[in-house]
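The structure appears below as structure tokens.
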Amino acid sequence: MPIEYRLGHYRGKFAVCWHDDKGRHRITLGTDSRAEADRLFADFLKGKELAGRPDVITVAFAWDGYRNSLGEKPAATTMVFEWKAIGPRLGDRGAATITEADCLA
């Protein structure tokens with residue numbers, strides 16, 4: 001289950017707050033201005049989104065991300081077998097470069 005970040009308060013300032021299996025976490029944004037906090041929170045989320053993301057999104061990276069998001073659903077298991085056909089041909093290709101002709105081949 002993905003972590004849900006929210007904007008909250010901590011010691012009189014706005015903070016990024018979340019819960020995970022280790023407990024509650026808060027990181028102060030160092031401001032009491034809602035407008036500034038909204039901007040800093042958006043920057044925080046963007047940094048989380050981009051962390052660990054390669055410069056070029058390959059089909060393998062996108063496939064793994066989607067499969068992991070399915071958790072324990074049966075489709076996640078099925079995707080392992082589908083990857084045996086798709087992976088060798090398209091896995092290392094940039095996702096943005098895949099054409100309909102590539103898919104048909």
Counting only residues in segment 58-75 that are small (G, A, S) and at pLDDT 90 or above, the one surrounded by the fewest Cβ atoms within 10 Å (Cβ to Cβ) is identified as A75
Result of the Cβ filter at 8 Å on segment 6-18, keeping first residues that are over 12 Å from A37 (Cβ atoms) and in the same structural domain as F41 (by TED's automatic domain parsing) and partners that are crowded, with 17+ Cβ neighbours inside 10 Å and of a type in the set (D, E, K, R), at least 6 apart or interchain, is none
inquiry  = I'd like to know if segment 32-53 contains one or more residues that are among the polar types (S, T, N, Q) and more than 30 Å from G87 (Cα to Cα).
reply    = yes
Filtering segment 64-94 down to residues that are closer than 16 Å to P54 by Cβ and among the polar types (S, T, N, Q) yields N68
Note: among G30, G71, just one is under 16 Å from the mean Cα position of the chain (by Cα), over 23 Å from C103 (Cα atoms) and in a loop (DSSP other than H, G, I, E, B), namely G71
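The values are calculated or read from the model by the stated rules, or taken from the named source; none is laboratory data. What you are looking at is a predicted structure, and each value in this text was computed from that prediction instead of being measured. FYI the Cβ positions are ideal-geometry reconstructions off the backbone, even for glycines, and counts take in every protein chain you see.
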